Amino acid sequence: MALQNERPSGSAGLNDDIGEKKRLELYRTQVVIREAEQRAFDLFLQNLVKGTSHLSLGQEAVAAGFACAMQKGDLSFCTYRGHAHTLARGVSVEKVLGELMQRDNGLMRGKGGSMHLTSEEHGVMGSYAIIGAHLPIACGAAWRAQYKGDKDVSVCFFGDGTTNIGAFHEALNFAAVWKLPVVFVCENNLYMEYTPIGDVTAVKSPAGDRAAAYGLEKIVIDGNDADVVYRAARAAFEKARAGNGPSLIECLTYRHSGHSRADPAKYRPEGELEKWKLRDPIKIYKDRLKQFGVRPKAIDDIDASVRQEVDDATEACKRAPMPPLDILTTDVYADGGWAWRN
Amino acid sequence: MAEMTYRDAVARGIAQEMTRDPDVVFLGEDVAKAGGVFKATVGLFEQFGPLRVRDTPISEQAILGAAMGAAMTGLKPIAEIMFSDFFAVCFDYIANEFPKSRYMSNGQTKCPLVVRTGNGAGSRFGAQHSQSVENWCMMIPGLKVVAPSTPRDVIGLMAAAVRDPDPVIFFEHKSLYPMKGEVPDGEIVDTLGSAKIVRPGKDATICALALMVPRALAAAETLKSEHGIDCEVVDVRSLVPLDTQTILGSVARTHRLFTVEENPRLCGWGAEIVSIVADEAFYELDGPPVRITTPHIPLPAADILEDIVLPTPQRIAETVKRSLGS
């Protein structure tokens, strides 16, 4: 088992394999997700975010680690818990919050909602709300790359609960047999929704222990350490780009909030959340930056600029109009309309 | 002009499009080296090679999901689902993914793909390999749905489906595979959303689809020769887009409407056509519209039983004759 959990000491200096520039990007990305998700929760309490929303508070390192290892043109396929992955690819906080707040400035002008964030110009090829649906779809995008000789990698994020649905197994086998440039990323946050994943899964590592069935290496990593995630992502992308087929990576992490906004997460044993908060990915990474000699002022500046960005986005969304009713019937078909008859 | 089977027309239609456009690729179970379980895709693997014509595992979700991912990112996949009954195990893609991604993404996502499938009864395969499920797809906004009844239409509508920028579900009727028909030489390209009057007549309009078209035509011949009733037969061909103008125009001339469906009774496509005609041409009608369907039961396997439940030329002719009071 390749449990990559080594803690770099300060001695590696700023010129280790990740480097200061990338580390600051990893940190900033995580803070953007943290602040935007926290704001989404606050706006929900004010009844300004409607419908449902599934937050990634506590899971920021997975999204940041993978996105920062991606190149332009690489494709992200996300789940309904997809705000983090969308933000991590560079989509603006305003576009994401606007969609959650059902405004005309939202990423899809209110037509998709929280669970379907999509921004193809950023390589975010959709957020999929039917468990497992996007694993085969990511295979198809990877098949296109293989067929056309394109060098992009398709990266597919999903939760631990997905490992028990048929599409997961169909996609893993398909990708392995066709040797596709796709990377499957399981965010194991220990709960499928309200039920502990261990209660409903025949193996200990829901993704890792299934890898062997598809001839893949078992990879289980610390999903709360962005450096560890980044390194695992980089290795998997290299393998995919070299034509050596798919990877399945299980990231151990924990969500600080409930499954969705309707869930107070009372099923968690006492003390579990507090224990995981000691391993808060942002706290870990802030310490990491300090270890590598980044000045506290530089870190504070990132925090302040992100907060400003989220504040500005919130105000812009509050001012933004609701979507006009004439978009109701647009884009059902490729001609832009909805006509089903003459 | 040459005579060709409906089965061979499938391979010719796909080959025509693969020759034209290198982005057209084809995948499915047993479709490549074996040439398909119905032998409808024989020769494609040899002609276009293993990168473009690919055998898949028995993984219907992977087949349709992969087709979608490829379509979203620049290819024009044709995916085969061996029997349309198997749509039930991959319906997420048909119902939730293909047809909704463009709308949900506010027009960002494209999905130009074709799912072709063996549909319909008559092969004594029983309740899970014989259904006509085109109505399952007709009810979903965002899909297009076609079902050709002749070899020529197989080629023309396949070309139209592959060239269409939306997801198209292409229903081939299993019992039509051995049927022969005249097919012009050269490229054939049809348009989606056009019905065809395959027999003009003045006394009644009979709307039919796929296998029910030749049966409706046979019934029309009997009605004419034995009872002097002159029926117009409309091959609906495309359920979405639906060519209501051809149907409404026909009813305006004949003043009677019959639909012939293989679907079980409830929520078959004929109900939608009857509803449209009732809404928009009620005062053209000289009598109630009549739906001829299979009864609302699962399909039986034994030939003596299956033959009773499907609409036959005899049942169509008798129903029309009785309804017209002749």
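Brief remarks on what is shown
- Comparison of B:I81, B:I140 shows that the only residue that is in the same structural domain as B:M18 (by TED's automatic domain parsing), of a type in the set (A, V, I, L, M) and surrounded by fewer than 22 Cβ atoms within 10 Å (Cβ to Cβ) is B:I140.
- Residue match in region B:224-236 (condition: surrounded by fewer than 24 Cβ atoms within 10 Å (Cβ to Cβ) and in contact with a Phe, Trp or Tyr (Cβ under 9 Å, 6 or more places away or on another chain)): no
- For region A:173-190, filtering for residues that are under 12 Å from the mean Cα position of the chain (by Cα) and under 14 Å from A:A141 (Cα atoms) leaves 1.
- Restricting attention to region B:226-248, the residues being touching a strand residue (DSSP E or B) at 6+ places or on another chain (Cβ under 9 Å) and either within 14 Å of chain A (Cβ to nearest Cβ) or without any contact (Cβ under 8 Å) to a residue 60 or more places away in the chain (or both) number 16.
- Among (1) farther than 22 Å from B:V240 by Cα; (2) crowded, with 19+ Cβ neighbours inside 10 Å; (3) within 9 Å of another protein chain (Cβ to nearest Cβ), the one test that B:V53 misses: (3)
- Check on A:A141, modelled with pLDDT of 95 or more, buried (at least 24 other Cβ atoms within 10 Å of the Cβ) and facing chain B (nearest Cβ under 8 Å): yes
- Residue in region B:92-112 that is farthest from the other protein chains (Cβ to nearest Cβ), counting only those that are in contact with an Asp or Glu (Cβ under 9 Å, 6 or more places away or on another chain) and within 30 Å of B:Y6 (Cα to Cα): B:F98
- Residues that are touching a residue at least 60 places away in the same chain (Cβ under 8 Å) and assigned to a helix (DSSP H, G or I), drawn from region B:288-308: B:D303, B:E306
- Filtered residues of region A:229-244 (kept if over 20 Å from A:K72 (Cβ atoms) and surrounded by 24 or more Cβ atoms within 10 Å (Cβ to Cβ)): A:A232
- Filtering region A:129-171 to residues that are of a type in the set (F, W, Y) and touching a strand residue (DSSP E or B) at 6+ places or on another chain (Cβ under 6 Å) leaves A:F157, A:F158.
- Extreme residue, farthest from B:C267 (Cα to Cα), among residues of region B:279-326 that are surrounded by fewer than 18 Cβ atoms within 10 Å (Cβ to Cβ) and polar (S, T, N, Q): B:S326
- Of the set (1) surrounded by 14 or more Cβ atoms within 10 Å (Cβ to Cβ); (2) away from chain B (no Cβ under 14 Å); (3) part of a loop (DSSP other than H, G, I, E, B), all apply to A:D303 but (3).
- Residues in region A:98-136 that are part of a helix (DSSP H, G or I) and free of Cβ contacts under 8 Å to residues at least 12 places away in the same chain were compared, and the one that is farthest from the other protein chains (Cβ to nearest Cβ) is A:E121.
- Output for region A:153-174, where each listed residue is surrounded by 24 or more Cβ atoms within 10 Å (Cβ to Cβ), closer than 18 Å to B:Y93 by Cα and small (G, A, S): A:A167, A:A171
- Screening B:T73 against (1) out of contact with any Leu (no Cβ under 9 Å at 6 or more places or on another chain); (2) free of Cβ contacts under 8 Å to residues at least 12 places away in the same chain leaves a single unmet condition, (1).
The values are calculated or read from the model by the stated rules, or taken from the named source; none is laboratory data. Because the structure is a prediction, the values reported are computed rather than measured. With ideal geometry, Cβ positions are generated from the backbone for all residues, glycine too; neighbour counts draw on all protein chains shown.
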